[in-house]
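Presented below is the structure to which this report refers.
The values are calculated or read from the model by the stated rules, or taken from the named source; none is laboratory data. For clarity, every value in this text was computed on a predicted model and none was experimentally measured. Don't worry about glycine lacking a Cβ; one is built from the backbone with ideal geometry, like all the others, and counts go over all protein chains shown. These accessible areas exclude ligands, DNA and RNA; they are computed on the full protein's heavy atoms, side chains included. Shrake-Rupley method; radii C 1.70, N 1.55, O 1.52, S 1.80 Å.
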Amino acid sequence: MDSLGGAYKATIIGSTGGIGHALADVLEEDPNCAVVVRLSRSQTGFDLGDEASIERAAAGIKDAHGDMDLVFDATGALEIDGTGPEKSLRAIDPAVMARQFAVNAIGPALILKHFSPLMPRARRALLATLSARVGSIGDNRLGGWISYRAAKAALNQIVKTASIEIARTHPQAIVTALHPGTVATALTAPFRHGEAIAPIDAARQLLGVLDHLQSASTGGFFAYDGQAVDW
């Protein structure tokens with residue numbers, strides 16, 4: 001993360017997932033990264049469905065380490081409680097849809113709520129969250145996966161809206177949604193067709209994208225190759 005300049009501090013949320021674990025590993029190898037905080041439900045009790053746990057985690061990091069130059073939300077799910085994405089309108093289940101929104105939209109919104117205050121006001125800082133190209137309305141040509149698509153589309157709107165508010169107090173901050181591509185993780189395993197890249201390579205690509213973003217890019221949606229993704 002050369003763009004952060006000198007020593008910087010990072011938090012990875014969802015650090016036991018394929019991409020999150022790889023991101024934390026890559027950052028820990030960076031001699032300029034002074035702190036890497038790993039947060040996950042299994043290791044630290046961080047729970048996207050429990051706002052109090054999110055608030056406690058943010059407060060604990062603030063007390064222990066102060067500001068965070070990079071907060072990366074690597075959470076998300078395609079299959080929840082054994083139920084995967086719908087293939088048709090007939091398969092819509094309101095309870096399943098609500099769980100998709102809880103994990104893929106509401107949880108990240110709460111992360112923005114409680115972790116954006118950790119970003120320094122007087123220097124460049126990054127807050128990124130994993131979205132998905134299937135959340136793009138303009139790029140939707142196949143249909144299906146209604147709940148997951150809609151939750152990711154909501155996440156993109158959340159990121160855009162939050163970025164406008166955050167920019168008022170943090171003019172150098174970059175808040176962004178990222179599409180990682182098809183990565184060989186447990187999340188994608190039941191749905192993969194064709195090639196997938198290793199999590200460590202995806203992590204390096206995503207950090208490379210963040211390195212090249214400017215403040216004017218805040219609120220944007222970018223793919224692993226640095227290209228903007230259609231809303």
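A few points about this structure:
- Screening segment 33-76 for residues that are of a type in the set (Asp, Glu) and not in a loop (DSSP other than H, G, I, E, B) and picking the one that is farthest from residue 15 (Cα to Cα) gives 63.
Matching residues to (1) at pLDDT below 95; (2) surrounded by 14 or more Cβ atoms within 10 Å (Cβ to Cβ); (3) within 19 Å of the chain's Cα centre (by Cα):
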position: 51; (1), (2), (3): no, yes, yes
position: 55; (1), (2), (3): no, yes, yes
position: 58; (1), (2), (3): no, yes, yes
position: 62; (1), (2), (3): no, yes, no
position: 78; (1), (2), (3): yes, yes, yes
position: 81; (1), (2), (3): yes, no, no
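- Criterion violated by residue 137 - all others in (1) more than 18 Å from the chain's Cα centre (by Cα); (2) β-branched (Val, Ile, Thr); (3) in a helix (DSSP H, G or I) satisfied: (3)
- Of the criteria (1) basic (Lys, Arg); (2) in a loop (DSSP other than H, G, I, E, B); (3) at pLDDT 95 or above, which one residue 149 fails: (2)
- The residue pairs whose first member lies in segment 36-59 and is under 10 Å from residue 111 (Cβ atoms), whose second member is in a strand (DSSP E or B) and of a type outside the set (Val, Ile, Thr), and whose beta carbons are closer than 7 Å, counting only pairs six or more residues apart or on different chains, are 46/39; 57/39.
- Residue count for segment 1-32, restricted to those that are part of a loop (DSSP other than H, G, I, E, B) and not charged (D, E, K, R): 10
- Output for segment 219-231, where each listed residue is open to solvent by less than 80 Å² (accessible area, probe 1.4 Å) and more than 14 Å from the chain's Cα centre (by Cα): 226, 228, 229
- The residues of segment 182-231 that are at pLDDT 95 or above and at positive phi, listed by number, are 219, 226.
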